[in-house]
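In what follows, a structure is listed as structure tokens, so that the remarks can point back to it.
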């Protein structure tokens, strides 16, 4: 390493860049926050670190202390996380407003915030960019949000999200990969959008519509796209509105899940099984119920086996007992 910096940055600017980098800021985020050109920032970091490789961070493991700042998971039974993320829009150049192709992307999306709660526990919780001590208006650095979301997913046995398979999970994973955060420990996911489409025929399957029809909670009305622009700009009024909106979505989501509960994981359908945490006692297998108030009722037949099914007298849903009796040869012939 050359001991003497030969660039044009002042000593104060060098110290500022060093401090922001030590706090986890990327080269582009530092350039944006200081008003300096990315080339100058990158040049100084290359001199400072020798092996600086641009904005591709080295893998950073999930920080266990960050989970201590968040609502802890339950100590008994499965840890079921109900969550919803909010993202910034993509800024792009287009030739027209309708039926058009994107010419180029000016600014990619990033995480603005997320709300969450542990199934069965009271209260919702919220994490946003604005809570980051290093936050400044229009920053795209969402490491603070991403790290805390990764910690929660790492602690969860099962997660519940609406359109979670296609949106929340993959969006979160994208930011983990971008920041070099290790993948969370494996968890199972229940996507309430897929469950609603699988069992029912509604006019729409949005969280707003399903919440209106099936729960006593409804999505909060917002000030529209201005809400997202205001949060990106760090406007306190819009930040407070987003927190209420995001928390309310989680309440609607939990209520919707509990309404769908008797249908989710019907015999023959793959779904997380609460009996993994029941200690062998005969219980309802539905996460969020797991009642012992069950009765044996009916059979579930596959192509080769017959299972005893049970119905929960509390949630009214059906489960099947794990032990099965395979059909003998005569039964197989009669079933053809």
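The values are calculated or read from the model by the stated rules, or taken from the named source; none is laboratory data. Predicted, not measured: the structure shown is a model, and the values here were computed from it. Using ideal geometry, Cβ is built from the backbone for each residue, glycine included, and neighbour counts are taken over all protein chains shown.
Considering only residues that are part of a loop (DSSP other than H, G, I, E, B) and modelled with pLDDT under 85, look in the stretch 291-321 and name the one that is surrounded by the fewest Cβ atoms within 10 Å (Cβ to Cβ).
So the residue we want is 303.
From the set of residues in the stretch 63-88 that are exposed (fewer than 13 other Cβ atoms within 10 Å of the Cβ) and within 26 Å of residue 239 (Cα to Cα), which is modelled with the highest pLDDT? I'd like the intermediate steps shown before the answer.
Step one: list which residues in the stretch 63-88 are exposed (fewer than 13 other Cβ atoms within 10 Å of the Cβ), which gives 64-65, 68-69, 72, 75-76.
This time we only want the ones that are within 26 Å of residue 239 (Cα to Cα), so: 65, 68-69, 72.
Values: 65: 45, 68: 56, 69: 73, 72: 87.
This residue is 72.
Is it the case that residue 227 is farther than 19 Å from residue 119 by Cα, surrounded by fewer than 20 Cβ atoms within 10 Å (Cβ to Cβ), assigned by TED's automatic domain parsing to the domain that holds residue 89 and in contact with a helix residue (DSSP H, G or I) (Cβ under 9 Å, 6 or more places away or on another chain)? First the steps, then the outcome.
On the way: farther than 19 Å from residue 119 by Cα: yes; surrounded by fewer than 20 Cβ atoms within 10 Å (Cβ to Cβ): yes; assigned by TED's automatic domain parsing to the domain that holds residue 89: yes; in contact with a helix residue (DSSP H, G or I) (Cβ under 9 Å, 6 or more places away or on another chain): yes.
Against the criterion (farther than 19 Å from residue 119 by Cα, surrounded by fewer than 20 Cβ atoms within 10 Å (Cβ to Cβ), assigned by TED's automatic domain parsing to the domain that holds residue 89 and in contact with a helix residue (DSSP H, G or I) (Cβ under 9 Å, 6 or more places away or on another chain)), residue 227 qualifies.
Might you check whether a residue that is assigned to a loop (DSSP other than H, G, I, E, B) and at pLDDT 95 or above occurs anywhere in the stretch 162-173? Before the answer, list the steps.
Residues of the stretch 162-173 assigned to a loop (DSSP other than H, G, I, E, B): 162-163.
Pick out the ones that are also at pLDDT 95 or above and you get 162-163.
Yes, the stretch 162-173 contains a residue that is assigned to a loop (DSSP other than H, G, I, E, B) and at pLDDT 95 or above.
From the set of residues in the stretch 174-186 that are touching a residue at least 40 places away in the same chain (Cβ under 8 Å) and part of a loop (DSSP other than H, G, I, E, B), which is surrounded by the most Cβ atoms within 10 Å (Cβ to Cβ)?
So the residue we want is 184.
Picking from 210, 229, 239, 253, which residue would you name as being touching a strand residue (DSSP E or B) at 6+ places or on another chain (Cβ under 8 Å), more than 22 Å from residue 170 (Cα to Cα) and in a helix (DSSP H, G or I)? Explain how you work it out, then say what you get.
On the way: 210 fails: touching a strand residue (DSSP E or B) at 6+ places or on another chain (Cβ under 8 Å); 229 fails: touching a strand residue (DSSP E or B) at 6+ places or on another chain (Cβ under 8 Å); 253 fails: more than 22 Å from residue 170 (Cα to Cα).
Exactly one of 210, 229, 239, 253 is touching a strand residue (DSSP E or B) at 6+ places or on another chain (Cβ under 8 Å), more than 22 Å from residue 170 (Cα to Cα) and in a helix (DSSP H, G or I), namely 239.
In this structure, is residue 139 at pLDDT 90 or above, touching a helix residue (DSSP H, G or I) at 6+ places or on another chain (Cβ under 7 Å) and closer than 25 Å to residue 227 by Cα? Explain how you work it out, then say what you get.
Values: at pLDDT 90 or above: yes; touching a helix residue (DSSP H, G or I) at 6+ places or on another chain (Cβ under 7 Å): yes; closer than 25 Å to residue 227 by Cα: yes.
In short, yes.
Can you name the strands (runs of 3 or more DSSP E) wholly within the stretch 96-146 that have at least 2 residues being more than 17 Å from residue 85 (Cβ to Cβ) and either outside the structural domain of residue 30 (by TED's automatic domain parsing) or in contact with a strand residue (DSSP E or B) (Cβ under 9 Å, 6 or more places away or on another chain) (or both)? Working first, answer last.
Numbers: elements: 102-107, 111-118, 125-128.
Hits in the stretch 96-146: 102-107.
Return the total of residues in the stretch 147-161 being part of a helix (DSSP H, G or I) and either within 29 Å of residue 260 (Cα to Cα) or without any contact (Cβ under 8 Å) to a residue 12 or more places away in the chain (or both). Lay out the reasoning, then the answer.
First, pick out the residues of the stretch 147-161 that are part of a helix (DSSP H, G or I): 147-155.
Imposing the further condition that a residue be either within 29 Å of residue 260 (Cα to Cα) or without any contact (Cβ under 8 Å) to a residue 12 or more places away in the chain (or both) reduces the set to 148-155.
The total comes to 8.
Any idea which residue in the stretch 30-49 is nearest to residue 16 (Cα to Cα), counting only those that are outside any helix (DSSP H, G or I) and in contact with a helix residue (DSSP H, G or I) (Cβ under 9 Å, 6 or more places away or on another chain)? Before you say what the answer is, go through the steps one by one.
Taking the stretch 30-49 as the starting set, the residues that turn out to be outside any helix (DSSP H, G or I) are 35-37.
Now restrict to residues that are in contact with a helix residue (DSSP H, G or I) (Cβ under 9 Å, 6 or more places away or on another chain): 36-37.
Details: 36: 11, 37: 14 Å.
Filtering the stretch 30-49 for residues that are outside any helix (DSSP H, G or I) and in contact with a helix residue (DSSP H, G or I) (Cβ under 9 Å, 6 or more places away or on another chain), the one nearest to residue 16 (Cα to Cα) comes out as 36.
Suppose we filter 216, 244 for residues that are touching a residue at least 12 places away in the same chain (Cβ under 8 Å), in the same structural domain as residue 119 (by TED's automatic domain parsing) and part of a loop (DSSP other than H, G, I, E, B); which single one remains? Before you say what the answer is, go through the steps one by one.
Numbers: 244 fails: part of a loop (DSSP other than H, G, I, E, B).
Answer to the check: 216.
Here are some conditions: (1) assigned to a loop (DSSP other than H, G, I, E, B); (2) under 26 Å from residue 123 (Cβ atoms); (3) out of contact with any helix residue (DSSP H, G or I) (no Cβ under 6 Å at 6 or more places or on another chain). Residue 267 meets all but one. Which one does it not meet?
(2)
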